[in-house]
1. Among the numbered criteria (1) in contact (Cβ under 8 Å) with a residue 40 or more places away in the chain; (2) within 24 Å of A:Glu295 (Cβ to Cβ); (3) polar (S, T, N, Q); (4) open to solvent by less than 30 Å² (accessible area, probe 1.4 Å), which single criterion is violated by A:Asn375?
2. Please count how many residues of segment A:55-91 are more than 6 Å from RNA strand B (Cβ to nearest atom) and either in a helix (DSSP H, G or I) or touching a Phe, Trp or Tyr at 6+ places or on another chain (Cβ under 7 Å) (or both).
3. Out of segment A:331-384, which residues are aliphatic (A, V, I, L, M) and over 14 Å from the mean Cα position of the chain (by Cα)?
4. Can you spot a residue in segment A:104-121 that is among the polar types (S, T, N, Q), closer than 30 Å to A:Lys43 by Cα and either open to solvent by 30 Å² or more (accessible area, probe 1.4 Å) or part of a helix (DSSP H, G or I) (or both)?
5. Counting only residues that are under 23 Å from A:Arg273 (Cα atoms), give me the helices (runs of 4 or more DSSP H) lying completely in segment A:134-237 with at least 3 of them.
6. Looking at (1) more than 9 Å from RNA strand B (Cβ to nearest atom); (2) outside any loop (DSSP other than H, G, I, E, B), which one does A:Glu24 not meet, given that it meets all the others?
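The values are calculated or read from the model by the stated rules, or taken from the named source; none is laboratory data. Since the structure is predicted, the reported quantities are computational estimates derived from the model, not experimental observations. Cβ placement follows ideal geometry from the backbone for every residue including glycine, while neighbour counts extend to all protein chains displayed. The accessibility values were calculated without ligands, DNA or RNA, using every heavy atom of the protein model including side chains. Shrake-Rupley method; radii C 1.70, N 1.55, O 1.52, S 1.80 Å.
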Amino acid sequence: MLDIQFIRDNADLVQEKSKQKGYEVDIQQLLGFDKERRELIGKVEELRQQRNELTAQTKGVKPSDEQIAKGRELRDKVTDFEHKLAAIEKEYEVLLKTVPNMSLSDVPIGKSEDENQEVKKQGEPTKFDFEPKSHAEIAEAKGWIDKERAAKVAGSRFAYLKGDLVKLQFAIIQFTIDKLTDTEFLDAIIKENNLQVSNKPFTPVLPPYMIRTEVYDAMDRLEPREDRYKLDQDDVWLQGSAEHVLGSMHMREGIDDKDLPVRYLGYATSFRREAGSYGKDTEGIFRMHQFDKLEMESITDENTGLDEHKLLVAIQEKLMQELKIPYRLLEKCTADIGKPNAKGMDIDAWLPGQNQYRETHTADYMTDYQSRRMNLLYSKGLAHTNDATAFALGRTMIAIIENYQTAEGNVNVPEVLQAYIGGKTQI
RNA sequence: GGAAGGGUGUCCGAGUGGUCGAAGGAAACGGUCUUGAAAACCGUCGUGCCAGCAAUGGUACCGUGGGUUCGAAUCCCACCCCUUCCGCCA
């Protein structure tokens, strides 16, 4: 959430920025509650002070009847005002939590994802001297994807992945872990992009897949709930991204300067109900209820947060370049960056089988907004957090299958992955 | 699933209903001593909120919520969480 003091001082700006993101919040109403709340706090504390003074007089000695009567009167008054305060405070907090994070000034203003701005195109769309197939056609012919049996067992939007596709996934995972734990790899990227950040390697993490309601809400990623899986028996949710369980890992902790940046590379199977997407992306493995991702997560300070964001994007680009997959880079507009985020980038891979660019990775920068809700502090203040997908494995495999397909319906293995898949050049 | 124990400040850990924002220790920071370091000694050492330009003052916080009381870390109730043992199990 935003700092109330900041909102008081910049009411018009916050109102405007919220509107740009598409959020209907009434800042004046919020400030009204804030004013009322502060008046009541003054009243309550004044009464408490009187009570404390009275109590101090009777320390160690038996209070007189008069003092007890006075004490009773004060107690009743305090209780009365405390109830009034609690009611106002509740409304105040609900409203405060609906205020989205402010976008940075260079984020383009837009009403939907259609207004995201392309900032870069890398590589030419792959050309074939035959009609390219979609990943679904190739993979189903190969026996790599079986959605029919998955539907029988688990329902729609699930799949069995089999054979060489599984090998390919594990190859990508191992390749990525090797790269992100390699200081030299990071050094090269940092130098190339002229970033003022540490070359500290990422720590690989296998996180829990479940998350408590309270923590999910503090991450500001619980909504929309219709898109989350809930395990009622235990009052926990299945995480919808490794971000949810990695970003919250240090909740309610203080972090020393010397430990910054904190960098994690998490691998997790994630779960989304994909509510509202019925009939969309039904081909292949575009939009599964369950999908695997490698996620980068870092905690920094105010000074290095933005460069860290640039680093994560640069890493994503580098990985795509090493796989030799054409992509474009989009600067997300205000409507698309998401409530807790201050800035965001998308990487869309070129998919010949779809004849279009499709979102493959995303990177979000969060400033201290989220830290405020999680009470995440470092020794000089509130931490800034960054989240970015290193590889959404399903989407990456779609991109590999479609870009590396042969006329015979096989798939060449990207050079950098060959060592991880037993030296095979084609699957 | 059965049984037991426990949640106090950065950490460990004490705490008869008023003298407890809280002993003691450790860590950290500053200093003395030392060529330097260690040790020793001295000092500092929680957070939120409200008011204030500030100094500062006030208030709250001992898992969470409620209750008893003139007064609660301390008593009562409910809940949450953690740990250990047994059982089951990849």
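1. In the conditions (1) in contact (Cβ under 8 Å) with a residue 40 or more places away in the chain; (2) within 24 Å of A:Glu295 (Cβ to Cβ); (3) polar (S, T, N, Q); (4) open to solvent by less than 30 Å² (accessible area, probe 1.4 Å), A:Asn375 misses (4) alone.
2. Residues that pass the stated criteria total 25.
3. Selection gives A:Ala335, A:Ile347, A:Ala349, A:Leu351, A:Leu376, A:Leu377, A:Leu382, A:Ala383.
4. No: zero hits.
5. Passing ranges, in order: A:147-153, A:213-218.
6. (2)
For every residue, the table says whether it meets (1) open to solvent by less than 50 Å² (accessible area, probe 1.4 Å); (2) of a type in the set (Lys, Arg); (3) touching a strand residue (DSSP E or B) at 6+ places or on another chain (Cβ under 8 Å).
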{"residue": "A:Arg48", "(1), (2), (3)": "no, yes, no"}
{"residue": "A:Asn52", "(1), (2), (3)": "no, no, no"}
{"residue": "A:Gln57", "(1), (2), (3)": "no, no, no"}
{"residue": "A:Arg72", "(1), (2), (3)": "no, yes, no"}
{"residue": "A:Asp80", "(1), (2), (3)": "no, no, no"}
{"residue": "A:Lys84", "(1), (2), (3)": "no, yes, no"}
{"residue": "A:Glu91", "(1), (2), (3)": "no, no, no"}
{"residue": "A:Leu96", "(1), (2), (3)": "yes, no, no"}
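Every residue, every condition in (1) open to solvent by less than 20 Å² (accessible area, probe 1.4 Å); (2) hydroxyl-bearing (Ser, Thr, Tyr); (3) farther than 24 Å from A:Glu308 by Cα, yes or no:
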site	(1), (2), (3)
A:Asp217	no, no, yes
A:Arg225	no, no, yes
A:Ser248	yes, yes, no
A:Leu265	yes, no, no
A:Arg273	no, no, yes
